[in-house]
Amino acid sequence: MRRSVFYDFIKGFIEENPTFRLVIGMCPTLAVTTSVVNGFWMGVSVIFVLVFANVFVSLLRKVTPDEIRLPVFVILIATPVVIVELVMRAYLPAMYEILGIFVPLIVVNCIIIARAEAFAFKQPVLNSFADGLGIGAGYTLNLILISGIREFLGTGQITVGSFRFPAAPFFEPAAVMLTPPGGFICLGLLMAVLNVLLARRERKAKAQAV
Amino acid sequence: MTERLVVSPSPHWKTGKTVPALMLDVVMALMPAVVASVVFFGWKALAIILTSVSSAVISEAVYEKAVKREVTIKDYSAVITGILLAMNMPPGVPLWMPAIGSAFAIVIAKQLFGGLGCNFVNPALAGRAFLMAAWPLHMTRDWLAPGFFGGVDAAASATPLAVLKGASGGALPGIWDMLLGNRAGCLGETSIIAILIGGIYLIWKEVIDPRIPLGFIGTVFVLTWVFGKPGAFFQGNAVYHILSGGLFLGAFFMATDYVTSPVTAKGRLLMGIGCGAITVLIRLWGGYPEGVSYSILLMNLVTPLIDRVVVPRYYGWKGEARKEKAL
Amino acid sequence: MEIIAIILGGVLINNFVFMQYLGLCPFVGVSRQLETALGMSGAVIFVMTMASAVTSVLEIYVLAPLGLGYLRTIAYILVIASFVQLVEIFMKKAAPGLYKALGIYLPLITTNCAVLGVTMLNVRHSYGIFLSTLNGLAGALGWSLAIIIFAGIRERWRLMDIPKTLEGFPLALVSTGLMSLAFLGFQNLFKAVFR
């Protein structure tokens, strides 16, 4: 079966959702999701790196010997990360400070090397591009979802620039949501709920098939 | 055959006692402390306890119904969690806090892992730690000055531990007030006598192992005596240190939790000593005035490791014979 | 004083796993058994300490004087990758059983963000060579402590009635959260002394 480019794009949202299905790239998913804005910029950085790395890995897949593919991947990933670092430091210095070491750490984000190894190294350029874009966008949505929950419960409102929703918190914010324990438990529960829902859906599908 | 070396996780009992009977003993043993808290902090204390217990029981029932498991609210374990969490709250907290804390304790710390016996931290303490991280100001400032039957002063009052640490001014209460419970603190931790009555009852009924509370309190006594006074050794106010904070409550009722403490005698002594050492570390040099609940939680985490290290030596160990040979 | 502060900070106060979200993938992946957790700990301690030492030498004698700070990410990841190769070759020969048990996680130390993370933190704190190495060691010890504790807990789960749909990542994350709640007790430890 020939893979359609559109499928390779769309699968990153549900079927191969990096956080909830593939369960990779945990560290930044937790570290930067204390506010929606942070989550968004982290997501954008990952999209850029992922697309860049996927495209170049795919372009070079025929000339790269299997034995040295990992070092090649690392270089092809580190390059766009450095670009992101420099651009962000120049134009979004405040965000660069907040995201801290997690910008250079995109280099070791398992999502990217996993996509290079499992997908881009075997697939044509266009599909790899779509895959990077889709997985990256799925990842960004996850980050926004998790950071939305954490920011809302942890500060009582969601702040994007000068926009605040709701205008004033209507409950006493639980500071724990912004701390590591809150992050772990929040993501764990989110995954638990999704697992249960998916298991139920699969059971239903099976029942219908019979 | 390594499976033989694995000691099955608690709870397991040698006696023919059933889980509810055992848990009922603990509930009974907590009653003196419950009464004392109502005596000293009035109706507010009762409201917190009732909220916490009902939230715990309801959470347990609702969760077990939702996942279609047998509903176990009749084994009293949720009741105990509810009471213990309430005992660990300052008397001035708003009522939604014990409600959320109990729900967290039951659902997240216990039921998600499969219910009683599968949790690896004490649920009540996990609930307390969660509340502490979520609303730290309530948990560290909502103290009330004690007064007999509701004559509670609404003004915030310094706990003896905060005074000991130099975090807030004020005088230390007298020894008798400390023993009776006539001092600021969490609901159930203030009255040493009431806790001791319950604790001794539990030891007499062989529900808890005295090694844990004795090791715990003894370690705190020795270490605060040695290091308690900055810049000088062997001059610490050890008596006040062991009487203040949640030490007795934690040592008798929470560090001894079957599910989350080691199964062997030696392991239990280790548990007590470890709790004591971490408590002193946090009390004297840490960021919080009180370290009892964190110390127990941390020792809960290493309980499986303690069981692994201590237990295998008992494999093939014939009574006291080897000990004598070693001597 | 700073030496003690770094050690306590790395192991207890700012534990990589519980407080800094570093090295989570192997933390969850290799913690099912105590033996593999111990093996992984050994590998991580070696790689993190050495990587810290080598990258700080690289930083101080090459990158900083030449003004090549922007190449840091690439340079560091290459150094780390080669160290991991070294450990892998060594283990394959010296401890084949362990090598088999660690499976795919050994090469994945390269992508253990704790390793690159600690070297980046060293630069941010502008530690010298000695303090960087120490920081690497302390961070690795803290990571090992975390995974050993967690492996102990998880080994018990095999004997228990753990809900099937939640096993794996959901429960691992919730437990990590509960553990990190307990580690909050170490916050601000010795703050008054170190300041």
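Given a cut-off of under 8 Å on Cα pairs at least six residues apart, what relative contact order in percent is computed for chain A?
Taking the mean separation of contacting Cα pairs over the length of chain A, I get 33 percent.
Rounded to the nearest 500 deg cm²/dmol, what is the calculated helix-only ellipticity per residue at 222 nm for the protein assembly as shown, with -39500 (n - 2.57) per DSSP H run of length n ≥ 4?
-19500 deg cm²/dmol
If contacts are Cα pairs under 8 angstrom and at least 6 residues apart, what is the relative contact order of the range C:19-184 in percent? Please list the in-between numbers first.
On the way: 153 pairs, mean separation 68.5, N = 166.
Worked out over the range C:19-184, it gives 41 percent.
Across peptide A:101-114, what mean number of C-beta atoms from other chains lies inside 10 Å of a residue's C-beta?
Across A:101-114, the average partner-chain Cβ count within 10 Å equals 6.
Quick one: A:15, B:70, B:64, fewest Cβ neighbours within 10 Å first, how do they rank?
The most exposed by this proxy come first: B:70, A:15, B:64.
Could you work out the relative contact order of the range B:17-313, using alpha carbon pairs under 8 angstrom and six or more residues apart, expressed as a whole percent?
Worked out over the range B:17-313, it gives 18 percent.
Note down the net charge around residue B:32, summing +1 for each Lys or Arg and -1 for each Asp or Glu among other residues with Cβ under 14 Å from its Cβ.
-2
Rank the residues B:288, B:201 as a footprinting-exposure proxy: fewest other Cβ atoms within 10 Å of their Cβ go first.
Sorted ascending by nearby Cβ count, the order is B:201, B:288.
With 27 Å as the limit, write out which pairs from A:206/C:100; B:229/C:191; A:11/A:204; A:206/B:74 have Cα-Cα distances beyond it, or answer none.
Distance filter (> 27 Å) returns A:206/C:100; A:206/B:74.
Only loop residues by DSSP count here, and only those with at most 10 other Cβ atoms within 10 Å; note down the trypsin sites (Lys or Arg not before Pro) in the range A:69-116 that meet that.
none
Which of the three applies to the protein assembly as shown, rounded, prolate or oblate, going by the alpha-carbon gyration tensor with a ≥ b ≥ c and a/c under 1.5 meaning rounded?
On the way: a/c = 1.66, a/b = 1.63, b/c = 1.02.
Prolate shape, in that a/c is at least 1.5 and a/b is the bigger ratio.
Using the 10 angstrom Cβ neighbour count as an exposure proxy, how do B:104, B:253 rank, fewest first? List each step's numbers first, then the result.
Values: B:104 25, B:253 29.
Ordered by Cβ neighbours within 10 Å, fewest first: B:104, B:253.
Net charge near residue A:20, counting Lys/Arg +1 and Asp/Glu -1 over other residues with Cβ under 14 Å of its Cβ?
+1
With the Cα gyration tensor of the range A:5-209 giving a ≥ b ≥ c as the square roots of its eigenvalues, does the rule (a/c under 1.5 for rounded; else a/b larger than b/c for prolate; else oblate) give rounded, prolate or oblate?
Oblate shape, in that a/c is at least 1.5 and b/c is the bigger or equal ratio.
Helix C:34-58 versus the longest principal axis of chain C: what angle, 0 to 90°, nearest 10, using Cα atoms?
Orientation of helix C:34-58: about 10 degrees from the principal axis.
Restricting to DSSP loop positions (anything but H, G, I, E, B) with no more than 12 other Cβ atoms inside 10 Å of their own Cβ, which chymotrypsin sites (Phe, Trp or Tyr not before Pro) remain in the range B:37-97?
none
Report the residue, chosen from A:125, A:193, A:37, that carries the largest GNM mean-square fluctuation when chain A is represented by alpha-carbon nodes joined by springs under 10 Å.
A:193
Which chymotrypsin sites (Phe, Trp or Tyr not before Pro) from the range A:104-195 combine a DSSP loop assignment with at most 16 other Cβ atoms within 10 Å?
Details: sites: A:119, A:121, A:129, A:139, A:152, A:163, A:170, A:171, A:184; in loops: A:121, A:170, A:171.
Sites meeting the loop and neighbour criteria: A:170, A:171.
Calculate the mean, over all residues of peptide B:111-123, of how many other protein chain Cβ atoms lie within 10 angstrom of the residue's Cβ.
5
Within 10 Å of each Cβ in C:156-168, how many Cβ atoms from other chains are there, averaged over the peptide?
6
Taken together, the values in this text are just the output of simple stated rules run on the coordinates, not laboratory data. The shown structure was predicted, so the numbers you read here are calculated from the model rather than taken from an experiment. For neighbour counting, all protein chains shown are included, and Cβ atoms are generated from backbone atoms with ideal geometry for every residue, glycine included.
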